[in-house]
Structure formats: structure tokens, C-alpha cells
Amino acid sequence: MNIEEIYKLISVFEKSEITKLELEHEETKIKLSKEVKEVINLSAVNPVNTVNTVMPAVSENKEIVQKSGDYIKAPIAGTIYMAASPEEPPYVKEGDTVKKGDTVCIIEAMKMFNKIPAPCDCRIKEILVKNEEFAEFDAALFEIEVL
């Protein structure tokens, strides 16, 4: 490998979600690793009004869960993408059942593509936005039925 190929490999590695890479090519051996710093977007912590966690009562150590809505809402403003690419099928369709953490759409904001996860196990009752439509912060994206 020449130096240009190594720089290109480093550049691709830095932009990827891969955290470790080991490569042996002829007499060259390369080990790359990076520390992933998790960024917590407080607006995305509870992107849905379906589950609100309340502080436990003094006498109990269990969290109390209350249902207060049936929507997955936009944690940020941006352009909605219903699939990973135009050639791919949409992440969800009306009637689909999804598990907590499954990606339901992507929101592009400031050239960053943010996967929007399902906040709980649920069924998609209605899709309230269209592909490539702009959504405001806290706009309802999906009407859901909590399972």
C-alpha cells in the first residue's frame, strides 16, 4: 500500500461508524481504532408522548409509566426520509409492528442524517408525513398503537 491509499483508508474509516479496523496487505499491517463519544440529544430522549417516566415514589423503587399519547414525534426539525435510499423499501408501512429501537424514518438536519427509533413496541396506525417532506420540531410523524 502506498501513502495515498493509507490516507484514503483513514479518511473513510473516520467517516464510518466502524470503531476498529485491522488490515494486512503484503508487508503492510495497519490497525485503526477510534473512541466513540456518545452525544445525547435531550430533545430525542423522549421523542414520543406515549411513554413518560415519572420519578418513583419515596416508598417504591419502581418507575411509573403513564400513557399520554399515541404519536411518534420529530425530535428535531428537518427533512423526512422514509427509506435509507430511494432504491430501498420504506422502513415502515401502515399496519407494521415495530420493536423498541427499530428505525422508523430518518430526519436530515444540517447535513446530518438522524435515524429515528421507535420509542416502544408499537403498531404503525398511520403515517402522517410524506417522504422528503419537511417536519418541524415536535411534529407528529406517526400515529401508533402501543403494544
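Laboratory data are not the source of any read-out in this text; all were calculated from the coordinates shown. Computed from a predicted structure; not experimentally measured. Cβ coordinates were reconstructed from backbone atoms using ideal geometry, including for glycine residues, and neighbour counts include every protein chain displayed.
What to note about this one:
- The length gained by stretching the chain between residue 19 and residue 5 to full extension, at 0.36 nm per residue less their Cα-Cα distance, is 3.1 nm.
- Note on 71, 7: ascending count of other Cβ atoms within 10 Å places them as 7, 71, the fewest first.
- Working from label points 7 Å from Cα in the Cα-to-Cβ sense, the residue 26 to residue 109 distance is 4.8 nm.
- A Förster radius of 22 Å, combined with the Cβ-Cβ distance separating residue 134 from residue 12, puts the computed FRET efficiency at roughly 0.10.
- Working note: Cα gyration tensor of region 103-147, eigenvalues times five, square-rooted, sorted largest first, giving semi-axes of 20, 12, 8 Å.
- For region 100-147, with +1 on Lys and Arg beta carbons and -1 on Asp and Glu, the positive-most of 106, 124, 139 along the dipole: 106
- With the highest mean first, a sort of the peptides 136-144, 97-105 on other beta-carbon atoms found within 10 angstrom per residue produces 136-144, 97-105.
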